[in-house]
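Below: one structure, written as structure tokens.
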Amino acid sequence: PFDVLVVGGGPAGSSAAIYAARKGIRTGVVAERFGGQVLDTLSIENFISVPHTEGPKLAASLEEHVKTYNVDIMNLQKAKRLVKKDLFEVTLENDAVLKAKTVILSTGARWRNVNVPGEEEFKNKGVAYCPHCDGPLFEGKDVAVIGGGNSGIEAAIDLAGIVNHVTVLEFAPELKADSVLQDRLHSLPNVTVITNAQTTEITGDTNVNGISYKDRATDQEHHVALQGVFVQIGLVPNTEWLDDSVERTRMGEIVVDKRGSTSVSGLFAAGDCADSAYNQIIISMGSGATASLGAFDYLIRN
Ligand code: FAD
């Protein structure tokens, strides 16, 4: 069996695997897609000490770094079930079963899509999901934020300080964000809020040039010319497959303590699939290291 089996091969999983392997213990990583969300990212400018890189390049470096250690990488394999017997047993989609003394879950998350024409086509060409990451690319431009919950309104406030103008589109008749955020938003001169707005299309030629929405009260179609669209309708952790094998929040995030330990002893979690407050590459790597050290601590005590 593995001493440490890491499920997920993004920044959190890569970091966890390296920290485990450096202890000289038997380490494996199983990943549906090694690299994770980083593969879908163009420009990365907040990975500290690296002023600028690109997603596929960082993903390649992650893999290269993991491969300098004795780590068994099982790429293009998806886990579908986890049970704890004497050992943990992780069953893959192809029904193979991997056994391990400890498991680190680092299956990440995915942005919820709006699923309108143009979203897929203009991803990284004006359609964005992370204001901390991509906001500065829209300096001086006009953008829309889809979603009037806390993350949408936080994004709108954040972006308003960088871009020329922000249009917030909320599907419901009113914003859902906390009132302190709404007050802050309404105090800003360069934000327009449109409620009852159903986004129907993101338009563009080579890059985004506008957004179309239907006013749900009047059924009228409108089009706003702009250069960027931030989709902020939720981040979904990739934890459905765990059912109730481990404690998760209402949002599906795995609950961890300061050592990355979950409700099941010997089971750890890190990165976007866990209940950390913020989801970023640097944070995922830190929590991957924490979970791995937590797992090592567990191994030497049991
Ligand atoms: P992920 O990167 O999501 O990796 C999860 C891993 O688990 C993948 O290998 C996946 O294939 C695997 N997996 C999932 N389910 C299973 C399963 N059942 N079995 C096996 N494997 C599974 N952050 C920044 O700091 N700076 C940026 O500029 C930035 N830009 C971004 C741009 C975009 C478009 C996106 C989508 C995200 C961006 N982020 C950025 C956020 C950052 O990418 C994430 O916070 C980070 O990748 C999280 O790392 P992770 O390892 O927790 O999860």
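A few points about this structure:
- For Leu92: the one exception among (1) surrounded by 19 or more Cβ atoms within 10 Å (Cβ to Cβ); (2) hydrophobic (A, V, I, L, M, F, W, C); (3) more than 20 Å from the chain's Cα centre (by Cα): (1)
- For segment 28-85, the set of residues classified as at pLDDT 95 or above, acidic (Asp, Glu) and over 22 Å from Leu267 (Cβ atoms) consists of Glu63, Glu64, listed by residue number.
- Filter result (in contact with a strand residue (DSSP E or B) (Cβ under 9 Å, 6 or more places away or on another chain) and β-branched (Val, Ile, Thr)) within segment 53-105: Thr53, Val66, Val71, Ile73, Val83, Val90, Thr91, Val97, Thr102, Val103, Ile104
- Selection of segment 178-201 for residues being without any contact (Cβ under 8 Å) to a residue 40 or more places away in the chain and assigned to a strand (DSSP E or B) yields Val191, Thr192, Ile194, Ala197, Gln198.
- Residues of segment 63-95 that turn out to be in contact (Cβ under 8 Å) with a residue 24 or more places away in the chain and assigned to a helix (DSSP H, G or I), as a count: 3
- In this structure, Lys23 qualifies as touching a helix residue (DSSP H, G or I) at 6+ places or on another chain (Cβ under 7 Å) and charged (D, E, K, R).
- Residues of segment 34-43 satisfying the condition of being of a type outside the set (S, T, N, Q) and surrounded by 18 or more Cβ atoms within 10 Å (Cβ to Cβ): Phe34, Gly35, Gly36, Val38
- The listed residue being more than 17 Å from the chain's Cα centre (by Cα), in a loop (DSSP other than H, G, I, E, B) and either of a type in the set (Val, Ile, Thr) or within 11 Å of the ligand (Cβ to nearest atom) (or both), out of Ile18, Ile25: Ile25
- Only listed residue being buried (at least 19 other Cβ atoms within 10 Å of the Cβ) and either within 15 Å of the ligand (Cβ to nearest atom) or on the phi < 0 side of the Ramachandran plot (or both), chosen from Ala270, Ala289: Ala270
- Test: residue in segment 230-249 that is of a type in the set (A, V, I, L, M), over 30 Å from Thr200 (Cβ atoms) and within 13 Å of the ligand (Cβ to nearest atom): yes
- Extreme residue, modelled with the highest pLDDT, among residues of segment 120-149 that are touching a Ser or Thr at 6+ places or on another chain (Cβ under 9 Å) and over 11 Å from Val229 (Cα atoms): Gly148
- Of Gly24, Gly36, Gly28, all but one fail to be among the small types (Gly, Ala, Ser) and within 30 Å of Val127 (Cα to Cα); the exception is Gly36.
- Test set (1) closer than 14 Å to Gly294 by Cα; (2) assigned to a loop (DSSP other than H, G, I, E, B) - Arg33 fails condition number: (1)
- Within segment 50-80, if we keep just the residues that are farther than 14 Å from Met285 by Cα and of a type in the set (Ser, Thr, Tyr), the residue that is nearest to the ligand (Cβ to nearest atom) turns out to be Thr53.
- Check on Val231, within 30 Å of Gly108 (Cα to Cα), modelled with pLDDT of 95 or more and surrounded by 15 or more Cβ atoms within 10 Å (Cβ to Cβ): yes
- Within segment 84-120, the set of residues being within 14 Å of Pro1 (Cβ to Cβ) and of a type in the set (A, V, I, L, M, F, W, C) comprises Leu87, Phe88, Val90, Ala96, Val97, Leu98, Ala100, Val103.
The values are calculated or read from the model by the stated rules, or taken from the named source; none is laboratory data. For clarity, every value in this text was computed on a predicted model and none was experimentally measured. Quick reminder, even Gly has a Cβ in these numbers, built from the backbone with ideal geometry, and neighbours come from all protein chains shown.
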